[in-house]
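K.L.:
Pasting a structure below so you can have a look.
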Amino acid sequence: MNLILLGPPGAGKGTQAERLVEAFGLVQLSTGDMLRAEVKSGSELGQTAQKIMDAGELVPDDLIISMISNQIDQHSDAKGVILDGFPRTTAQAEALDEMLSDKDLTMDFVIQLEVSEDTIVERISGRYSCAKCGAGYHDTFSQPAVEGTCDKCGSTEFSRRSDDNPEAVRSRLGAYRDQTAPILPFYTDKGVLQSVDGMGGMEEVFDQIKEIVAGG
Ligand code: AP5
């Protein structure tokens, strides 16, 4: 089973992908996480990507398309993949189609998380993660069981993303509206797009996604 999670920044794509990985044994392919790993490694791609990401703009299509194609190949024996943050432009959606047909794969579900802009700002401004294992938390909605200690690895160091500031968030929302939302009709026309109300709690949203996946 292969699926795409679509939605604006902070809609909960990563949060839901994590649950899908646990429940269905799928592999999460997050282009944002891949780019952040490149930035951390100091690679040429990472250096190019950092400035673009900090400005809240989109990294060039060709870099992203080859990165995701390699990752799909590397996980060819997985039960399926969750594309989180890809595709984000019409060119990426078209390239994905071609890639899937070349690799003899299908996309079973395209799930859009619908969340209001006020909620997005609230979610992004409270988000932080474990600096060691990357587990995600939120100041209000998802705190560690023991304050200041990661539930997953016990680390006491946390960090916040450099693009989670008001200016970059405004720009990320603009990029979503102008470049990503226009790909929704592409998937509506294919009859695979399903929308989920992303405003509820994390488990409520996950229940809706499970229903879609089970119904397919
Ligand atoms: P990326 O990392 O993909 O960022 P994004 O799309 O902006 O999405 P986020 O990771 O911010 O949010 P999310 O939807 O995963 O929400 P989360 O689950 O964390 O991309 C970053 C940058 O990389 C881009 O700006 C671009 O520059 C570049 N890039 C990446 N892919 C690219 C591509 N394909 N093409 C070109 N450039 C690309 O949730 C947010 C917070 O809310 C968390 O704290 C969480 O705990 C909380 N939360 C989640 N769900 C709920 C809920 N239901 N109730 C309460 N709280 C919740």
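The values are calculated or read from the model by the stated rules, or taken from the named source; none is laboratory data. Fair warning: this is a prediction, and the values are worked out from it, not measured in the lab. Reconstructed Cβ throughout: ideal geometry from the backbone, glycine too, with neighbour counts over all protein chains shown.
K.L.:
Just give me the residues in the range 153-182 being within 14 Å of the ligand (Cβ to nearest atom) and touching a strand residue (DSSP E or B) at 6+ places or on another chain (Cβ under 8 Å), in sequence order.
P.N.:
The answer is F158, S159, R160, R161, D164, T180.
K.L.:
In the range 149-178, which residues are assigned to a loop (DSSP other than H, G, I, E, B), over 28 Å from E204 (Cβ atoms) and at pLDDT 95 or above?
P.N.:
Selection gives G154, S155, T156, E157.
K.L.:
Is there any pair linking a residue in the range 109-120 that is part of a helix (DSSP H, G or I) to one that is among the hydrophobic types (A, V, I, L, M, F, W, C), with Cβ under 8 Å and at least six apart or on different chains, and which?
P.N.:
Cβ pairs passing all conditions: E117/L173; T119/M199; I120/A11; I120/V169; I120/L173.
K.L.:
Oh, and also: Return the residue satisfying two criteria in turn: it lies in the range 39-67 and is among the β-branched types (V, I, T) and either without any contact (Cβ under 8 Å) to a residue 12 or more places away in the chain or not in a helix (DSSP H, G or I) (or both), and of such residues it is nearest to D84 (Cα to Cα).
P.N.:
Looking at the filtered set, the residue picked out is V59.
K.L.:
Which residues, taken from the range 87-113, are in contact with a strand residue (DSSP E or B) (Cβ under 7 Å, 6 or more places away or on another chain) and within 14 Å of the ligand (Cβ to nearest atom)?
P.N.:
The answer is I111, Q112, L113.
K.L.:
Condition (residue is more than 25 Å from V213 (Cα to Cα), modelled with pLDDT of 95 or more and either within 17 Å of the chain's Cα centre (by Cα) or surrounded by 20 or more Cβ atoms within 10 Å (Cβ to Cβ) (or both)) applied to the range 73-81: is it met by at least one residue?
P.N.:
no
K.L.:
What pairs come out if I take residues in the range 78-93 that are assigned to a strand (DSSP E or B) and pair them with residues that are within 11 Å of the ligand (Cβ to nearest atom) and basic (K, R) whose C-beta lies under 8 Å away, six or more apart or interchain?
P.N.:
The qualifying pairs are D84/K13.
K.L.:
Now, a different point. Which residues, taken from the range 20-38, are of a type in the set (A, V, I, L, M) and either within 7 Å of the ligand (Cβ to nearest atom) or assigned to a helix (DSSP H, G or I) (or both)?
P.N.:
L20, V21, A23, M34, L35, A37
K.L.:
Out of the range 183-202, which residues are in a helix (DSSP H, G or I) and within 8 Å of the ligand (Cβ to nearest atom)?
P.N.:
Scanning the range 183-202 gives a single hit, M202.
K.L.:
Report the residue count in the range 203-216 for those that are of a type in the set (K, R) and not in a helix (DSSP H, G or I).
P.N.:
Number of matching residues: 0.
K.L.:
Tally time: how many residues in the range 126-159 are under 17 Å from the mean Cα position of the chain (by Cα) and of a type in the set (S, T, Y)?
P.N.:
Going through the range 126-159 one residue at a time, the tally reaches 3.
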